[in-house]
Amino acid sequence: MKIIVTGGAGFIGSNFIFHMLKKYPDYKIICLDKLTYAGNLSTLKSVMDNTNFRFVKADICDREAVYKLFEEEKPDIVVNFAAESHVDRSIENPEVFLQTNILGTQVLMDAGRKFGITRYHQVSTDEVYGDLPLDRPDLFFTEETPIHTSSPYSASKASADLLVLAYHRTYGLPVTISRCSNNYGPYHFPEKLIPLMIANALNDKPLPVYGKGENVRDWLYVEDHCKAIDLIILKGKVGEIYNIGGHNEMKNIDIVKLICKELNKPESLITYVADRKGHDMRYAIDPTKIHNELGWLPETKFADGIKLTIKWYLENKDWWEDIISGEYQNYYMKMYGNR
Ligand code: NAD
Ligand code: TYD
């Protein structure tokens with residue numbers, strides 16, 4: 001079995017590569033990644049010498065490079081993680097989101113059609129459903145919930161999903177889509193809530209909470225997401241969408257307070273800053289379908305997962321200190337300087 005994993009130098013893609021190489025030692029995994037600001041080769045250093053692993057630096061929008069790789073490797077499966085993934089950046093500059101997230105998806109699917117694959121899997125997000133009100137805890141996103149996007153990021157991911165379904169119906173491309181809730185865990189880029197708060201707290205820097213910190217996200221340990229995708233690509237039904245989430249809703253402010261507590265840092269570091277434009281209030285996944293059809297259940301409880309994550313950031317300071325010492329400083333000033 002040969003699998004092309006795009007975006008494998010990023011957060012979830014790298015964790016997926018580690019999971020697959022460990023669980024299926026006879027599979028060949030080819031990582032295709034452009035190495036944008038969010039992709040780090042150092043993340044993949046533990047697998048670089050594995051003879052069943054190959055890294056190729058390329059842009060999923062580069063048709064020639066993508067076709068060349070498909071011709072060389074003749075993959076069975078493509079799992080597309082490659083994306084611009086940060087909502088705040090999409091608000092500042094939507095264009096690259098439309099290019100990578102929509103047109104890049106099209107190039108990969110065209111390659112799948114041209115060279116023949118048994119599965120194209122699109123890694124999507126619960127953000128395509130928009131948000132839920134805080135005063136209706138009985139409501140959850142199911143696979144039938146209409147698409148209703150808020151940010152340029154979620155609109156680009158939803159557009160890609162529609163294109164994936166169109167390629168299935170029109171050309172018969174064997175596709176699946178997964179829509180997961182917020183992930184956390186090792187190798188999470190420190191521009192996102194949990195790693196940003198851990199890094200800032202360790203450096204005794206202010207912890208910038210948007211608005212009142214009342215927004216709710218449904219957090220899932222990254223390894224549980226990877227296990228779900230593994231099940232979907234090998235056992236999921238072609239043409240289907242699967243929601244992934246672990247019923248673990250938390251307010252942002254409670255997460256930040258928990259991180260302070262775990263790191264023994266004062267809550268006085270918490271600083272309320274101007275809210276995100278169009279900020280989604282609540283995400284909450286109903287994972288009944290993937291549970292009933294594929295037997296998936298989350299294995300890591302948040303109380304354990306957050307401890308594992310904090311431990312990882314403490315033990316891998318080189319990884320994130322290197323990131324936040326470079327171009328990230330300009331990003332941070334631009335996003336948080338006058339907030
Ligand atoms: P990430 O930003 O950490 O990683 C993205 C990776 O894609 C990076 O390695 C980057 O170099 C690569 N990339 C970006 N543009 C590319 C291009 N044009 N060509 C090739 N490679 C390119 O993202 P992540 O958090 O790991 O998310 C992975 C996927 O999962 C995304 O599609 C995202 O929408 C989805 N998702 C993320 C979450 C989450 O909580 N992080 C939740 C649900 C779904
Ligand atoms: P984020 O990690 O960017 O994920 P997403 O927006 O895709 O859910 O943000 C998670 C939540 O945390 C979201 O409600 C915005 C909030 N947030 C802050 O309050 N402060 C921050 O510095 C960041 C990055 C996020």
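Every read-out reported here was derived from the displayed coordinates using simple, explicitly stated rules and does not represent laboratory data. Keep in mind that what you see is a predicted model, and the values were worked out from it rather than measured. Virtual Cβ from ideal backbone geometry, glycine too; neighbours counted across all protein chains shown.
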Of the conditions (1) free of Cβ contacts under 8 Å to residues at least 12 places away in the same chain; (2) surrounded by 17 or more Cβ atoms within 10 Å (Cβ to Cβ); (3) of a type in the set (A, V, I, L, M), Val5 fails just one. Which one is it?
-> (1)
How many of the residues making up segment 177-203 are surrounded by fewer than 22 Cβ atoms within 10 Å (Cβ to Cβ) and away from ligand 2 (no atom under 13 Å from the Cβ)?
-> 3
If you check Phe115 against the conditions, is it in contact (Cβ under 8 Å) with a residue 40 or more places away in the chain, farther than 21 Å from Ile12 by Cα and crowded, with 19+ Cβ neighbours inside 10 Å?
-> no
Exactly one condition in (1) away from ligand 1 (no atom under 15 Å from the Cβ); (2) in contact with a Cys (Cβ under 7 Å, 6 or more places away or on another chain) is not met by Gln99; state its number.
-> (1)
Unmet criterion (only one of (1) in contact with a strand residue (DSSP E or B) (Cβ under 7 Å, 6 or more places away or on another chain); (2) surrounded by 15 or more Cβ atoms within 10 Å (Cβ to Cβ); (3) in contact (Cβ under 8 Å) with a residue 40 or more places away in the chain) for Lys251 = (3)
Determine the pairs where a residue that is farther than 22 Å from Asn338 by Cα, located within segment 196-224, has a partner that is aromatic (Phe, Trp, Tyr) and part of a loop (DSSP other than H, G, I, E, B) with Cβ atoms under 6 Å apart, the partner being 6 or more residues away or on another chain.
-> Arg217/Tyr283; Asp218/Tyr283
Mind checking which helices (runs of 4 or more DSSP H) fall wholly inside segment 254-339 and carry at least 2 residues that are over 16 Å from Leu196 (Cα atoms)?
-> 288-294, 302-315
Just need a number here: residues in segment 224-253 that are within 22 Å of Gly7 (Cβ to Cβ), assigned to a helix (DSSP H, G or I) and within 16 Å of ligand 2 (Cβ to nearest atom).
-> 1
Among residues of segment 6-47 being in a strand (DSSP E or B), within 18 Å of the chain's Cα centre (by Cα) and not β-branched (Val, Ile, Thr), the residue nearest to Ile229 (Cα to Cα) is Cys31
Filter pass, Ser159 being small (Gly, Ala, Ser), part of a helix (DSSP H, G or I) and touching a residue at least 12 places away in the same chain (Cβ under 8 Å) | yes
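Condition check ((1) more than 16 Å from ligand 2 (Cβ to nearest atom); (2) loosely packed, with under 12 Cβ neighbours inside 10 Å; (3) not basic (Lys, Arg)) across all residues:
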site	(1), (2), (3)
Thr300	yes, no, yes
Asp304	yes, yes, yes
Leu308	yes, no, yes
Trp312	yes, no, yes
Glu315	yes, yes, yes
Glu321	yes, no, yes
Ser325	yes, yes, yes
Tyr332	no, no, yes
Gly337	no, yes, yes
Selected residue [within 14 Å of ligand 1 (Cβ to nearest atom) and touching a residue at least 60 places away in the same chain (Cβ under 8 Å)] from Asn93, Asn80 = Asn80
If you go through segment 135-157 one residue at a time, do you hit one that is charged (D, E, K, R) and buried (at least 22 other Cβ atoms within 10 Å of the Cβ)?
-> yes
Part of a helix (DSSP H, G or I), under 18 Å from the mean Cα position of the chain (by Cα) and within 14 Å of ligand 1 (Cβ to nearest atom) - does that describe any residue in segment 215-223?
-> yes
Consider Ile177 carefully, then state whether it is among the hydrophobic types (A, V, I, L, M, F, W, C), in contact with a Ser or Thr (Cβ under 8 Å, 6 or more places away or on another chain) and within 14 Å of ligand 1 (Cβ to nearest atom).
-> yes
